[in-house]
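Shown next, in structure tokens, is the structure this report addresses.
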Amino acid sequence: MKYWRETIAVTKRILIELLRRRRSLIFWSIFPISVLTLSGFILAERAELPLADAFSYAAPSTLVGAALFFSCLGGTVSTVVAEREQQTLKRLFLSPLSGLSYFLGIFLAHSCIGIGQALLIYAVAAFWGATFKGSILLGLTIIFLSIAAYVGLGFILGTQLARRIEDVNSLVAAFGVPLLILGGAFLPTALFPKTLINIAKYNPIYHMNEALVSVSSKGESVDKITSHIVFLLAFAIVMIIGGWLSYQRMLIVERRL
């Protein structure tokens, strides 16, 4: 119960701080809605699809690419770097708050943001007639695995590579934008040549995108996307472990300073 109370307290503090700033939440809403709208109308025009089908296909790609990537990965990196700059970690050492609760609190806060974005994107897509055709439970599983992978990677990047808040944008852009394009977040993977498809299979965003598109817009069952789920599960576990170890290493360094 102690860890649970502390985790909830950290989560509430981060979410309240975001609500006070508001700017980040507004941008995290405007950006995916804009990408979804553009992608939906482009697909409807170029692929000669009904608007409902176009938005059904665009929604999952927008969620894992435009929404979760920047809020859960970029947001985690920003939170970790900002907490270091504001000396929050120094105060953590003087309080009874455990490091595990702090780690889980940041994870839960960005998970809440990711779920909120998922609801927002699918609400906009539903406005244009799109429907979630597959299993909602399976879709939520893919979304949670994606959030876990992004947040874990965010801890790794935020603790090991980013030193100042100015580093966040360049770091996320350098690592993220090529992976997003290669993962099919902005261009359908059906347009990729075979060589790029073979390379994309090592990209976790590709598996997030393909799995969620298959469930959401095609209504496929778990046996059709087993390879994507297995890859995502393994990647998420590795990222969470890597994020936790990177966080522990950061705490050791911060204690010495």
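Figures for the structure shown
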{"quantity": "Helices (runs of 4 or more DSSP H) lying entirely in the range 1-74 (those with 2 or more residues that are within 30 Å of Ser214 (Cβ to Cβ) and touching a residue at least 12 places away in the same chain (Cβ under 8 Å))", "calculated": "23-46, 51-62"}
{"quantity": "Unmet requirement for Ala200, which otherwise passes all of (1) under 24 Å from Phe31 (Cα atoms); (2) of a type in the set (A, V, I, L, M); (3) in contact with a Ser or Thr (Cβ under 7 Å, 6 or more places away or on another chain)", "calculated": "(1)"}
{"quantity": "Members of the range 102-125 found to be more than 14 Å from the chain's Cα centre (by Cα) and of a type in the set (Ser, Thr, Tyr), listed by number", "calculated": "Tyr102, Tyr122"}
{"quantity": "Qualifying residue in the range 218-232 (condition: among the hydrophobic types (A, V, I, L, M, F, W, C), open to solvent by less than 20 Å² (accessible area, probe 1.4 Å) and within 27 Å of Glu83 (Cβ to Cβ))", "calculated": "no"}
{"quantity": "Residue check, Ala185 in a loop (DSSP other than H, G, I, E, B), of a type in the set (A, V, I, L, M, F, W, C) and open to solvent by less than 30 Å² (accessible area, probe 1.4 Å)", "calculated": "yes"}
{"quantity": "Among (1) modelled with pLDDT under 85; (2) open to solvent by 10 Å² or more (accessible area, probe 1.4 Å); (3) in a helix (DSSP H, G or I); (4) in contact with a Ser or Thr (Cβ under 8 Å, 6 or more places away or on another chain), the one test that Gly158 misses", "calculated": "(2)"}
{"quantity": "Residue match in the range 132-139 (condition: open to solvent by 30 Å² or more (accessible area, probe 1.4 Å), at pLDDT 90 or above, aromatic (Phe, Trp, Tyr) and farther than 15 Å from Met239 by Cα)", "calculated": "no"}
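The values are calculated or read from the model by the stated rules, or taken from the named source; none is laboratory data. Model, not experiment: these values are computed from the prediction. Cβ sites come from the backbone with ideal geometry, for glycine too, and all protein chains shown count toward neighbours. These accessible areas exclude ligands, DNA and RNA; they are computed on the full protein's heavy atoms, side chains included. Shrake-Rupley method; radii C 1.70, N 1.55, O 1.52, S 1.80 Å.
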